[in-house]
Amino acid sequence: MARGAFSLTGRTALVTGASRGLGFAMARALGEAGAAVWLNARDATALIDKCDELRHAGITATPAPFDVTDEQAVAQAVGKIAGDAARLDILIANAGIIVRKPVVEQSTADFASVVTTDLTACFVLAREAARVMVKNRHGRIINTSSVMGRIARAQVPGYAAAKAGLESLTRQLAVEFATSGITVNAIAPGFISTEMTAPLKANEEFYDWSRRRTPMARWGEPKEVAAAALFLASEEASYVTGHTLVVDGGMSIAM
């Protein structure tokens, strides 16, 4: 367990989209720092397996299966966590989806489904978590954005629009809760090796291009995003709010 400045001992965290990829890496990082972590996804079986994995590593982990787009389920889950733990200190709103199709082939429903999951659900999660955090005068809300929220790529209009909106929402929430002991920040990963990006990495032409496009000439690893989440969740980031921490190997700053 982490000691000193980055210790999260005594804290309770909810991480959505935590049955794999970035979500699981961030949940592990918070747990290793001492937090009791609640892992969310829709697949209850997968969550049980992941919680068992964390428990074997000495981490207090509890499954919280629900659909982040179900407003009632979100409120019930946050209420249960706050009731069982008597607190909710950290929310990482990480669950997301992407639809990759040319714009002329995307339906309005395709676009709306991405915005609902990647933006609206983050608002609902933050609102419900804030109800608890305001009472305790402490909270850390961290949204998972993307470099696609600030630079464009073809065939992902809903995803790019949702992530841009999420960064704006992050700033708005940060201002609203600034005097309530709550910080609100976002992390914008570039290309990270996860299950979600596996099809892109398997495309040799695209993978080679993306590495050339990145000044560090490589993709990132989930643990590198998790380290950013740990910082923003810790007391070391107590004066950081409304910020989007880009973890992309320099991709978004290079021509």
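We did not get these values from a lab; they are worked out from the coordinates using the rules stated. Remember, it's a predicted structure, so these values are computed and weren't measured experimentally. For neighbour counting, all protein chains shown are included, and Cβ atoms are generated from backbone atoms with ideal geometry for every residue, glycine included.
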Among MET148, TYR159, VAL68, the residue whose Cα sits farthest towards the positive end of the charge dipole of segment 29-184, when +1 is placed on the Cβ of each Lys and Arg and -1 on the Cβ of each Asp and Glu, is MET148
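Which helices, counted as full DSSP H runs in the chain, have an axial Cα extent of no less than 27 Å and a Kyte-Doolittle average of -1.0 or above? Mind showing how you got there, number by number?
Values: long enough: 157-176 (28 Å, 0.02).
Correct list, ordered by number: 157-176.
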Long-range amide H partners of ALA35, meaning residues 5 or more apart or on another chain whose placed amide H is closer than 5 Å, are LEU8
CD proxy, 222 nm, the chain: helix-only mean residue ellipticity via -39,500 (n - 2.57) per DSSP H run with n ≥ 4, per residue, nearest 500, stands at -13500 deg cm²/dmol
For segment 192-255, the Cα convex hull volume per residue in Å³ comes to 96 Å³
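Beyond 22 Å, how much of the Cα-Cα pair distribution for segment 57-146 remains, as a whole percent?
Details: 1409 of 4005 pairs.
Summing the P(r) of segment 57-146 above 22 Å gives 35 percent of all pairs.
Out of all DSSP beta bridges with both ends in segment 1-140, state the antiparallel percent to the nearest 5. Mind showing how you got there, number by number?
Details: 0 of 13 bridges.
Beta bridges within segment 1-140, antiparallel portion: roughly 0 percent.
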Comparing ALA18, ALA109, ALA44 in a Gaussian network model of the chain (Cα, 10 Å), the one with the largest mean-square fluctuation is ALA109
Per-residue Cβ contact counts at 10 Å, fewest first, order LEU14, LEU173 as LEU173, LEU14
The answer for LEU91, listing residues at least 5 apart or on another chain whose modeled amide H is closer than 5 Å to its amide H, is LEU14, ARG140, ILE141, ILE142
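When the convex hull of the C-alpha atoms of segment 3-73 is computed, what volume per residue in Å³ does it have?
81 Å³
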Expressed in angstrom and rounded, the centroid-to-centroid distance over alpha carbons for segment 224-244 and segment 35-54 is 23 Å
With the dipole of segment 107-255 defined by +1 on each Lys or Arg Cβ and -1 on each Asp or Glu Cβ, the option from ALA228, MET216, ALA126 whose Cα lies farthest towards the positive pole is ALA126
Surpassing 24 Å at the alpha-carbon level, of the pairs LYS50/LYS101; LYS163/LYS201; LYS101/LYS201; LYS80/LYS223; LYS50/LYS163; LYS135/LYS223, are LYS50/LYS101; LYS80/LYS223; LYS50/LYS163; LYS135/LYS223
